[in-house]
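The values are calculated or read from the model by the stated rules, or taken from the named source; none is laboratory data. In this text the structure is predicted, and so the values were computed from the model without any measurement. Neighbour counts run over all protein chains shown; Cβ positions are idealised from the backbone, glycine included. Only protein heavy atoms, including side chains, enter the accessible area calculation; ligands, DNA and RNA are left aside. Shrake-Rupley method; radii C 1.70, N 1.55, O 1.52, S 1.80 Å.
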Amino acid sequence: MNRNDEKREQQINALLDGELGEADTDELKSAAGDDRELARKIVEAYQLQQLMDDIGVEPAPASLTKRLNAIPRQHKPAAKFSLLQPRWVMALAAVPLAIIAVSLMQPDTPSASEVARARQDLAVAFAYLDKAGQFTSREINSTVGNTMSDAVAGSVIRNMKSQYKNSKEKEA
Amino acid sequence: MKTSIFKTLLTGVLCTLISMPLLAQEDELKDLEGFIDFGDLSAAYGEPSISINIGGTLLQFVGLMSGESNPETAEMMAQLKGVRVFGYPIDDDPSVARQKFSEVKSNLKSKGWEPVVQVNEDDEQVLIYMKMSGSAMEGMTVMTVDDEEVMFINIIGKLDPRKLGDMMDNFDVDIDGALELD
């Protein structure tokens, strides 16, 4: 294909697309009148364009459309937020379970029998404390005598009282 | 595959969440300043003759029940965070108990507890320690051992010794079967 042929082909394409200028169109028509081969090419190009326009687009079968849609795209579009997505469905389903688990972590309200048992246990615990205190006082008494015992035991009690009083004052 | 991994993870997380309350209750007192670990003497003395472990929730309810009849007791109960008592019959063999005393004493000293009373007799030993945080009382530990029984008492929180008797009277509980006072 020489330069002239290339130029004529570009002119024919432009003519079919309606983009060829008026002067070029007249020049091409004039040339086609003198050149039967050029005229034939123009006619064939028209006919080919007409055939292309007449061809309708056949709808693809549903099965093919389904398969094509199933092919993952090279670049996934950004996922749209939807609560119907499986991960969100599972997350939402986990919420009530998490609430139940958290509620189980909260301290249970004790029953009346549990509180009554706790009262008895506390009484026993404090009785043991009292027993230790009695023994301590008795030992101090027998070791240092009544007079000193009062002083020593008093000192111990005063020390405990003082520390408790200080803690109370600190809180206030 | 991804769904399977997600389910496995979800199951694991939920199992952990559900088991946490039990662990939390057990550890409720362990994190407090006034808590002392006495260990376990079951290997030497068998099952404990007494085992009391009362946490803050129960103490609050006991205090609430005492509130109307005795506000002072209720106030005192509100200061307590936990009460623990463990006792073992020792059958004339206090050696293991005394060894445990030494271990607990070292532990108490290392944690800044102050000795209030120490009585060392041949047949009986009493140790009373207090834990202070600044001027605030965090706890009291009492350990006693004689020829028959070793006892560990751990009071977590504040306890006014002056009101101990009043509190016992307020409980109005028959403890003769559980304890023989000298």
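Some points to look at:
- Close contacts from the range B:46-64, counting a first residue that is at the interface with chain A (Cβ under 7 Å from one of its Cβ atoms) and farther than 12 Å from residue B:150 by Cα and a second that is outside any loop (DSSP other than H, G, I, E, B) and basic (Lys, Arg), with Cβ to Cβ under 6 Å and a gap of 6+ residues or different chains, come to B:62/A:119.
- Unmet requirement for residue B:140, which otherwise passes all of (1) under 20 Å from residue A:123 (Cβ atoms); (2) free of Cβ contacts under 8 Å to residues at least 40 places away in the same chain; (3) facing another protein chain (nearest Cβ under 9 Å): (2)
- Among residues of the range A:119-134 that are over 11 Å from residue B:126 (Cα atoms), those with a Cβ under 7 angstrom from a residue that is at pLDDT 80 or above and part of a helix (DSSP H, G or I), sequence gap 6+ or separate chain, pair up as A:119/B:62; A:122/B:62.
- Hits in the range B:100-113 (condition: surrounded by 12 or more Cβ atoms within 10 Å (Cβ to Cβ) and of a type in the set (S, T, N, Q)): B:107
- Some residue of the range B:82-90 being at pLDDT below 80, at negative phi and among the β-branched types (Val, Ile, Thr): no
- Residues of the range B:65-88 classified as without any contact (Cβ under 8 Å) to a residue 60 or more places away in the chain and open to solvent by 40 Å² or more (accessible area, probe 1.4 Å), total: 5
- Here the range B:123-182 is the region considered, the condition is being polar (S, T, N, Q) and out of contact with any Ser or Thr (no Cβ under 6 Å at 6 or more places or on another chain), and the residue that is modelled with the highest pLDDT is B:141.
- Any hit, the range B:84-107, residues being part of a loop (DSSP other than H, G, I, E, B) and basic (Lys, Arg): no
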